[in-house]
Amino acid sequence: MSKQSLREETAKGLFWGGFSNGLQQLLNLVFGIVLARLLTRSDYGMVGMLAIFSAIASILQESGFISALANKKEVTSKDYNAVFWFSILCSSALYILLFFLAPFIADFYKIPELTALSRFCFLSFFISSFGIAPRAILFRNLKVKENTIIATTALICSGTIGIIMAANGFAYWGLATQSLIFVIIIVILNWHYAHWHPTFHIDFTPIKEMFGFSSKLLLTNIFGAVNNNLFSVLLGKFYTKQDVGDFSQANKWNNMGQTFIIGMMNSVAQPVLAGVADDKVRQLAIFRKMLRFTALVSFPVMFGLSLVSKELIVITITDKWLDSAKILQLLCIYGAFAPINNLFSTLIISRGHSTVYLINTIGLCLLQLLSACLAYPYGITTMIYFFTGINILWMFVWHYFVNREIHLSIKNMLKDISPYLLLSATLYILVYFITMGISNIYLCVISKIIIMSSLYFFILWKMKSVILKECIQFIISKKRKP
């Protein structure tokens, strides 16, 4: 692919990725607000306790094959067919295993109702296995526009059903059903847009070829899932359902901000970086531009979300969730760095070094587990302080491995992200003090958003930020096209 066509495909992918994730997070916000008003902290806590089991099970049946297929130089229908049947076989075995483990999960938390709920929730990863092969086709071919339609349709349908069930007294079953319907629609539409069908000529030879790479991603993603859901497990075991609910709600808002940025970058990052893996100079230039764009968006969005977290939570889902606002303030600080860490890990994967990715993620997970176990007697806030600090500092560990691959010096890394980090942090403090005297909660949140976003844009424009001007020029060019 030529430089011009690669640039156009990347820009197009980022545009649709940003539009897709922005629309998805808007829909998540709307449905989340309605559900949070209808349901209790305990309802969210019930589903939150099962998040780690569903996450690990989903990772196991996918086995890292989507990334493995994206990294292959040439892919045939035979490869997709092998992944399709292997995924179904694995997910069937896993669901049967988890079905019989459900009573033990309920006993771990000492909540009998979790037996039936877990068996129902685990159906989602079994059903999702039918969509792995077509989803890999869409991902490899940068079909971001199609993925936008798929995700939006699934969110609207599943969110509507979840609200109807919650309004009619189904409590946490509404949340569980919402997740299941979302997966079913995703699978159906993946098949519709992939224009591919499996055959009964089953040959697992391609699985053997990909397994060396995908198995390492599998282990990595398992440790990542443990790390991401660690708090829900510990809170459910040592605290109450309400505490799990508060954390789940805060983490949901934090993830909405992160997912907007990470999803936008993931829609193009790995295929694009893998496509220029043979040219390190070109890959470095592309990566640094992606890094600057990520920092440009991530720091103001996540710092801004932290700044307005209290007002936002009270206005949207009422003050019964006020405790979750305090958690959200801290999570968003870590969330500002998460897209950068994700971009670093994507570069490692695009270079084919799944072993490095595995070791790095395991190291982070074990350190996080140790710190959580040491900190939990001192309360949730202390645990989150440790979590935030460790994840921010781990960026430098990721950088060490990226530097070995494409020679990105720490000086250049800091040069790429520091302007946006320092500006966002300074504006965070400035706007906090400017608005602290505003007593009206609606006026306060509007003032914070307008002042911080206006100053951020104005200062970058005066500083002649290249990446900002490129983004503006691209948006203008899109509008001018018929």
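Below are the figures for this structure:
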item	result
Members of the range 427-442 found to be in contact with a helix residue (DSSP H, G or I) (Cβ under 9 Å, 6 or more places away or on another chain) and assigned to a helix (DSSP H, G or I), listed by number	427, 428, 430, 431, 432, 434, 435, 441, 442
Which listed residue, of 181, 186, is at pLDDT 80 or above, of a type in the set (Val, Ile, Thr), out of contact with any His (no Cβ under 7 Å at 6 or more places or on another chain) and closer than 27 Å to residue 338 by Cα	186
Long-range neighbours under 6 Å by Cβ, at least six apart or interchain, first residue in a helix (DSSP H, G or I) within the range 226-242, second β-branched (Val, Ile, Thr)	229/52; 232/244; 233/52; 235/244; 236/244
Residues satisfying the stated conditions in the range 34-60, i.e. farther than 17 Å from residue 162 by Cα and either modelled with pLDDT under 80 or among the small types (Gly, Ala, Ser) (or both)	51, 52, 53, 54, 55, 56, 57, 58, 59, 60
Yes/no for residue 466 being surrounded by 14 or more Cβ atoms within 10 Å (Cβ to Cβ) and modelled with pLDDT under 95	no
Conditions (1) within 18 Å of residue 51 (Cβ to Cβ); (2) assigned to a helix (DSSP H, G or I); (3) of a type in the set (Val, Ile, Thr): number failed by residue 184	(1)
Residue in the range 473-482 that is at pLDDT below 90, closer than 19 Å to residue 291 by Cα, β-branched (Val, Ile, Thr) and not assigned by TED's automatic domain parsing to the domain that holds residue 290 present	no
Contacts under 6 angstrom Cβ, first residue in the range 397-417 being farther than 19 Å from residue 358 by Cβ, partner of a type in the set (A, V, I, L, M), 6 or more apart	406/284; 408/402; 416/291; 417/295
Members of the range 350-361 that are touching a residue at least 60 places away in the same chain (Cβ under 8 Å) and either outside the structural domain of residue 380 (by TED's automatic domain parsing) or touching a helix residue (DSSP H, G or I) at 6+ places or on another chain (Cβ under 6 Å) (or both)	350, 351, 354, 355, 357, 358, 361
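Residue by residue, here is whether (1) surrounded by 19 or more Cβ atoms within 10 Å (Cβ to Cβ); (2) more than 30 Å from residue 350 (Cβ to Cβ); (3) polar (S, T, N, Q) holds:
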| site | (1), (2), (3) |
| --- | --- |
| 410 | no, no, no |
| 417 | yes, no, no |
| 430 | no, yes, no |
| 434 | no, yes, no |
| 441 | no, yes, no |
| 447 | no, yes, yes |
| 450 | no, yes, no |
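The values are calculated or read from the model by the stated rules, or taken from the named source; none is laboratory data. These figures come from a predicted structure and were not determined experimentally. Using ideal geometry, Cβ is built from the backbone for each residue, glycine included, and neighbour counts are taken over all protein chains shown.
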